[in-house]
Amino acid sequence: MNDLFERTWVLITGASSGMGLEFARRLAARKANLILTARSGDKLDALARELAQAHGIETETIALDLGAAGGADRLLAEVARRGRAVDHLISNAGFGSAGRFAEAPAAREAEMVRLNCEALLVLSRGILPQLLERRAGGILHVASIAGMQPVPFMATYGATKAFVLSFSLALSEETRGSGVRVMALCPGPVPTGFQQVTGYAISQSQKRAVLSAEETVARGLAAYERGRDVFIPGGLNTVGAWASKHLPVRTVTRMVGRMMRERANP
């Protein structure tokens, strides 16, 4: 059986660290050619050289800030300028913030919406028509179990991931039967630089649900290959998501709020 990714071109956002780095390593090992993008050009170039030498693949690096206004449009234009046709898009770039929304810097919250939502939307709109024309390939959006209910003290982040989940499910239905797959990957706690950026460490109550970036990506890619439209890695994360869907939203919001308030005021 042919590997889904072998000799295809995969565009990975946020590729220089965390889950994006793991996506790059795993797909390179499967002989995918990679377009790697993130803000850090030096890290991207070093990673591209390493993966090309180790696996005999082609690589491209594009250093830019997708959270800046027009960043996604600039990325699409540069990919087109280089003559690369993307077969799979992995929208992994994103960040979060934590604390009371009323005290959060407005510009930073707006940047989060641009990166987590707008950039992902613009890239999907730019690439999806090409995939539909070829009747092949697909899009994997990295969402989060945080998108399955409101998250007090991470209000903007939870809302952005709810957008990603809803958007991905809608696109999956729109493309049904087209040969193109769309999936939302909804991980729980994954130890990456995300915790340092938000200032919230993984709580004691969440530690049993932790999966490594390596395991999260491996399971996510396997689900994408199976044609899933949404995938939650880890049994405890799946149970938590089930509870979020079946309990009254006010109850869930208060429960999550209590947990997050304790983390904000240890």
Placing one equal point scatterer on each C-alpha of the stretch 9-264 and summing with Debye, one gets log10 I(q)/I(0) at q = 0.07, 0.13 Å⁻¹ equal to -0.23, -0.80
Cα-based radius of gyration of the stretch 13-76 once divided by 2.2 N^0.38 Å, which approximates compact folds:
1.07
Where does helix 41-55 land angle-wise versus the long Cα axis of the chain, in degrees 0 to 90, nearest 10?
60 degrees
FRET efficiency, 1/(1 + (r/R0)^6) with R0 30 Å, evaluated for Gln53 and Glu173 via beta carbons:
0.15
Cα atoms only, the stretch 117-191: Rg and Dmax in Å?
13.3, 43
Considering only C-alpha atoms, what is the centroid distance from the stretch 1-78 to the stretch 108-124, in Å?
19 Å
If you count, for each residue, the other Cβ atoms within 10 Å and average over each peptide, how do 78-91, 13-26, 49-62 line up from highest to lowest?
13-26, 78-91, 49-62
Report the normalised scattering of the stretch 112-159 as log10 I(q)/I(0) at q = 0.24, 0.25, 0.28, 0.31 Å⁻¹, calculated by the Debye formula with identical scatterers on the alpha carbons.
-0.88, -0.91, -1.01, -1.11
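Rule-based calculations on the coordinates, nothing more; no lab input. Values in this document were obtained by computation on a predicted structure and should not be read as measured data. Methodologically, a virtual Cβ is constructed for each residue, glycine included, from the backbone with ideal geometry; neighbour enumeration extends over all protein chains shown.
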